[in-house]
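Where a number appears in this text, it was derived from the coordinates with a stated rule and is not lab data. Keep in mind the model is a prediction, meaning the values are calculated, not measured. So basically every Cβ, Gly included, is an ideal-geometry build from the backbone, and we count neighbours across all protein chains shown.
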Amino acid sequence: MKLLSTARVAEMMGLSPSTLRYWRSRNEGPPSFQVGRSVKYYEDDIQAWLELRKEATGKGVNTPAHTSA
């Protein structure tokens, strides 16, 4: 599994690092952990978290919220 820094995750998501730090302080956002003084994220956790957000808030033809049962 690949480890990512806060700066890299922020860049991937189009956010500022301070947004990720704020979410972390509120126990929100993608799963993270500390290695020494550095906060790290597993790349797989970021992808899984983004998929959950997509399912919960996504709009459009191919999202679960817009499929008929």
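Miscellaneous remarks
- Selection of GluC sites (Glu not before Pro), region 18-57, meeting DSSP coil and at most 13 other Cβ within 10 Å: 28
- Partner aspartates and glutamates whose Cα lies under 17 Å from the Cα of residue 40, excluding those fewer than 8 positions away in the same chain, are identified as 11, 28.
- Candidate aspartates and glutamates for bridging to residue 59, where Cα separation is under 15 Å - those fewer than 8 sequence places away on the same chain excluded: 51
- Identified option (computed Cα Rg over 2.2 N^0.38 Å; candidates [x] 1.48; [y] 1.27; [z] 1.05): [y]
- Look at the alpha carbon pairs under 8 Å that are at least 6 residues apart: their mean separation over the length of the chain gives a relative contact order of 29 percent.
- Applying a DSSP loop filter and a limit of 11 other Cβ atoms within 10 Å to the trypsin sites (Lys or Arg not before Pro) in region 1-43 leaves 2, 26, 37.
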